[in-house]
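The structure under discussion appears below in the form of structure tokens.
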Amino acid sequence: MNRINKLFQEKKNIISIYYTAGYPNLGDTVAIAEELERSGADLLEIGFPYSDPVADGPVIQASSKAALDAGMTLELLFEQLKDLRKTVSIPVLLMGYVNPLLQYGVANFCKSCAEVGVDGCIVPDLPMAEYEELYAADFKAYDLTNIFLVTPQTAPERIQKIDGLSNGFIYLLSSSATTGQNLSVSEGTEAYFSRIADLKLKNPTMIGFGISSKETFDKACQYANGAIIGTAFVKSLKADDVSGSVKEFMKTFKP
């Protein structure tokens, strides 16, 4: 059983933290992962930066630009992660856009993930049909989980298809906006989450986009197995005290 499946079998109200590799300082990637685990995070999503992060809000866009300007690349990221599993035991996903992945080579990417102990990835702009036809075999060969995204506009038939292709969890976007918007559970959002629940999916779900406080985290956990925090965490990181800022942020969720 992989680390992701084991986590969802054993825990509820899972807290997943997203952060950008190489931010706020180029060499912070693993140190942040270590401090997040010590501070109570259950799951990590490490973003590999890209020059045109169209689905991200200004905070994550700025972190991506800073990391790229400092010299972050996928090659460097995998070099940084080579000893990851000596100090980090919780599940780790890589998250980013399809262009850097294609430039690196999908099979090479999957191989590199497996070598450093990464459990899977989230590539929001990788079309499902393209994944299934061209790349699913590479993911399977290296025992990697590919996490698909669902929005309020996703048709039930497509959600069922995603559920069939998934072997970890399904990422529910709370809205179709860019990252960094505050979670607002309106009647429409509640109906969307209820619609998902009624489908009785075989995979667990995590809610992302707009989770910025204990209140919004708890609210999301009413509808899913846990929630993903990105923008609020990235915004909290202090370049001159990375460890301290991670601890301080996580106290909000794990006092």
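Straightening the chain between Met128 and Asp69 buys 18.1 nm, computed as 0.36 nm per residue apart minus the Cα-Cα spacing. Pairs of Cα atoms nearer than 8 Å and 6+ residues apart set the relative contact order; for the chain it is 24 percent.
In this label model, Arg158 and Lys254 are separated by 3.5 nm, measuring between points 7 Å along each Cα→Cβ vector. Please work out whether the chain counts as rounded, prolate or oblate from its C-alpha gyration tensor, where a ≥ b ≥ c are the square roots of the eigenvalues and a/c under 1.5 means rounded, while otherwise a/b larger than b/c means prolate and anything else oblate? The shape class here is rounded.
Inter-part distance, the range 207-255 to the range 28-79, computed on C-alpha centroids, equals 15 Å. Calculated FRET efficiency, Ala107 to Ser243, Cβ-Cβ distance, R0 = 41 Å: about 0.70 to the nearest 0.05. Cross-link check: pairs Lys6/Lys86; Lys111/Lys254; Lys86/Lys254 evaluated at a Cα-Cα cut-off of 26 Å; pairs beyond the cut-off: Lys111/Lys254. Largest mean-square fluctuation among Gly230, Gly208, Gly71, in a Gaussian network model of the chain whose springs join Cα atoms under 10 Å apart, belongs to Gly71. Taking every DSSP helix (H) stretch of at least 4 residues in the chain, weighting each as -39,500 (n - 2.57) and dividing the sum by the residue count yields a mean residue ellipticity at 222 nm of -12000 deg cm²/dmol.
Each Lys and Arg contributes +1 and each Asp and Glu -1, all at the Cβ; summed about the Cα centre of the range 3-251, the dipole is approximately 580 debye.
Here, each number is a calculation from the coordinates, and none is a lab measurement. Since this is a predicted model, take the numbers as computed values, not measurements. Every residue, glycine as well, gets a Cβ built from its backbone with ideal geometry; the counts of neighbours run over all protein chains shown.
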